[in-house]
1. Magnitude of the Cβ-charge dipole of the stretch 5-108, K/R +1 and D/E -1, about the Cα centre, nearest 20 debye?
2. For Phe42, Phe59, what's the fewest-to-most ordering of other Cβ within 10 Å of each Cβ?
3. Between Glu40 and Tyr96, what is the label-point separation in nm under the 7 Å Cα-to-beta-carbon projection?
4. Can you give the Rg and Dmax of the chain based on its C-alpha atoms, in angstrom?
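What follows is calculated from the coordinates using simple rules that are stated; it is not laboratory data. Remember, it's a predicted structure, so these values are computed and weren't measured experimentally. Note: ideal-geometry Cβ built from the backbone for every residue, glycine included; neighbour counts use all protein chains shown.
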Amino acid sequence: MPAAPQDKLLHIAERTHWESARATGVSYTMSTLGRTLDDEGFIHCSSDMSQVDGVLARFYGAVPREDLVLLVIDASRLDAPVRREPVGDDVFPHVYGPIPVSAVIEVRSLPGNR
């Protein structure tokens, strides 16, 4: 049965880090651009494409889009807790542990540079 929209999380990943995790079957542990789960304490995610677009514009402007992918994560397949926490004027989901490769149900390309 497909995950309900509220059970899906979105995560912007550097393609090389995602492909390495997928190829080895080791859980994904990058939190955000150049920062690991160990560095941050959680993995940054978004609830919807509006949040993804804002994060792309604010933090990934200098990164070529072909070097990034969007992971669609089924939160029900995570062993780690997900907390929805305020960041500025919005609330973002944070995953407090590694993301098993099996929890990633789709990998999408990101929109081109604007």
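1. Computed about the Cα centre, the dipole is about 140 debye.
2. On the way: Phe42 19, Phe59 13.
Result, fewest neighbours first: Phe59, Phe42.
3. That separation, rounded to one decimal, is 1.6 nm.
4. Here Rg and the maximum Cα pair distance are 13.0, 38 Å.
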